[in-house]
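*Asks:* One structure is given below, represented as structure tokens, and several questions about it will come after.
The numbers here are math on the coordinates, done by the rules we state, and not lab data. Keep in mind that what you see is a predicted model, and the values were worked out from it rather than measured. Virtual Cβ from ideal backbone geometry, glycine too; neighbours counted across all protein chains shown.
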Amino acid sequence: MVAEKQHIDQKLVSILEKVSDPEIPVLSIMDMGVVRSAIIENNIVKVQITPTYSGCPAMDVIGDDIKAALKTAGYNSEIELILSPAWTTDWITPRGRKALENYGIAAPLDAETDKDVLLNGKRIVKCTNCGSTNTKLVSQFGSTACKAQFQCEDCQEPFDYFKCLK
Ligand SMILES: [Zn+2]
């Protein structure tokens, strides 16, 4: 599902862009697409975030990190979790996908293709080291529950793939 239009106050964008994803430090929460809205009301910043994976403990950390970043910038804030529509990896920005790949994590495919890869063994996930698609699923769970572990059969490099599945 496509993300609804985000309502983010321009004054807050640069602050929120400095908050990184706790699991993937090269990605900002803006690049992850988890910030649904951020508005200033009566000098309080109201931020709505949508959790990524239900299995990721990172969301509590993200809320605290956002509050801390806004506090540093002089704002008190309230964080609200929005559970519907559910976050999908489609919300990751193109810049975020590039950062993921540079970090050595294969960027997610769309949800339908993702199922073929994880459940039916379809080989289309690109090796982050050499770009070959001759890669195989090693484990449904990589370094965290949000990632699957793959190995490249050409260069033998192991790498993580960011799953769409919950
Ligand atoms: Zn490779």
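*Asks:* Considering only region 118-141, state which residues are more than 16 Å from the ligand (Cβ to nearest atom) and either in contact (Cβ under 8 Å) with a residue 60 or more places away in the chain or not aromatic (Phe, Trp, Tyr) (or both).
*Replies:* Scanning region 118-141 gives LEU118, LEU119, ASN120, GLY121, LYS122, SER139, GLN140.
*Asks:* Can you find, within region 149-166, the residue that is surrounded by the most Cβ atoms within 10 Å (Cβ to Cβ) among those that are over 19 Å from VAL26 (Cβ atoms) and away from the ligand (no atom under 16 Å from the Cβ)?
*Replies:* CYS164
*Asks:* Where the second residue is surrounded by 18 or more Cβ atoms within 10 Å (Cβ to Cβ) and part of a strand (DSSP E or B) and the first is in contact (Cβ under 8 Å) with a residue 60 or more places away in the chain and lies in region 76-91, which pairs have Cβ atoms under 8 Å and are six or more apart or on separate chains?
*Replies:* THR89/PHE162
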